[in-house]
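*Asks:* One structure is given below, represented as structure tokens, and several questions about it will come after.
The values are calculated or read from the model by the stated rules, or taken from the named source; none is laboratory data. Everything quoted here is computed from the prediction, not taken from an experiment. Every residue, glycine as well, gets a Cβ built from its backbone with ideal geometry; the counts of neighbours run over all protein chains shown.
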């Protein structure tokens with residue numbers, strides 16, 4: 001069971017697993033085209049085996065009772081699964097009938113009745129739609145979607161501009177596993193050495209050399 005930050009995490013586990021089962025995403029022959037379409041292209045090229053394993057993990061975790069928490073790599077894969085659900089729902093008018101089985105509909109009915117007590121301004125039908133609409137799953141299942149903008153964040157810091165990252169409170173080291181391999185190689189003893197950080201060091205040394213005795217700086 002994947003632990004999401006919602007009281008209804010069991011429902012989301014159920015519907016994700018049911019969708020993956022319907023799409024046969026436990027089979028290698030189906031995992032490959034899914035990954036090619038729905039995860040970062042560099043992860044598909046550089047970490048294909050790990051990407052496949054993450055799909056299988058999510059398939060298995062959503063059906064067993066052992067609690068699991070997602071790391072960044074699994075989050076990326078789960079995002080792709082939700083994206084594929086959302087794409088199919090938009091294209092196929094029968095999606096809800098096909099992918100929400102009787103048990104899922106009963107669970108939604110029960111949850112919506114409970115929600116109605118707390119949200120009296122919404123109709124029962126409106127509350128049910130919240131769970132049928134897979135686009136809403138992004139907000140429920142992910143604390144944030146910072147990983148979608150890694151390239152922008154990295155380029156910003158690589159150019160010596162840390163303002164964006166600092167303002168958003170982004171820690172790029174947290175996303176180590178899903179960074180491109182060439183960027184991962186910049187890590188030394190578990191810490192990344194960005195060109196931006198080198199630039200900051202150079203500026204610091206220049207300032208110290210200019211304003212202080214050079215010998216005192218190093219001794």
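*Asks:* Select from segment 123-148 the residues that are surrounded by 15 or more Cβ atoms within 10 Å (Cβ to Cβ) and at pLDDT below 95 and list them in ascending order.
*Replies:* Of everything in segment 123-148, those that are surrounded by 15 or more Cβ atoms within 10 Å (Cβ to Cβ) and at pLDDT below 95 turn out to be 146, 147.
*Asks:* Any idea how many residues of segment 27-45 are in contact (Cβ under 8 Å) with a residue 24 or more places away in the chain and surrounded by 15 or more Cβ atoms within 10 Å (Cβ to Cβ)?
*Replies:* Residues flagged as in contact (Cβ under 8 Å) with a residue 24 or more places away in the chain and surrounded by 15 or more Cβ atoms within 10 Å (Cβ to Cβ) within segment 27-45 amount to 8.
*Asks:* Hey, could you check segment 158-184 for residues that are touching a strand residue (DSSP E or B) at 6+ places or on another chain (Cβ under 9 Å) and in a helix (DSSP H, G or I) and say which is modelled with the lowest pLDDT? Show your work before the answer.
*Replies:* Of all residues in segment 158-184, those touching a strand residue (DSSP E or B) at 6+ places or on another chain (Cβ under 9 Å) come to 172-173, 176, 179, 183-184.
So of that shortlist, the ones also in a helix (DSSP H, G or I) come out as 172-173, 176, 183-184.
On the way: 172: 69, 173: 75, 176: 83, 183: 77, 184: 79.
Among those that are touching a strand residue (DSSP E or B) at 6+ places or on another chain (Cβ under 9 Å) and in a helix (DSSP H, G or I), it is 172.
*Asks:* May I pose another question? Among the numbered criteria (1) over 21 Å from residue 100 (Cβ atoms); (2) in contact (Cβ under 8 Å) with a residue 60 or more places away in the chain; (3) within 18 Å of the chain's Cα centre (by Cα), which one does residue 57 miss?
*Replies:* Unmet condition: (2).
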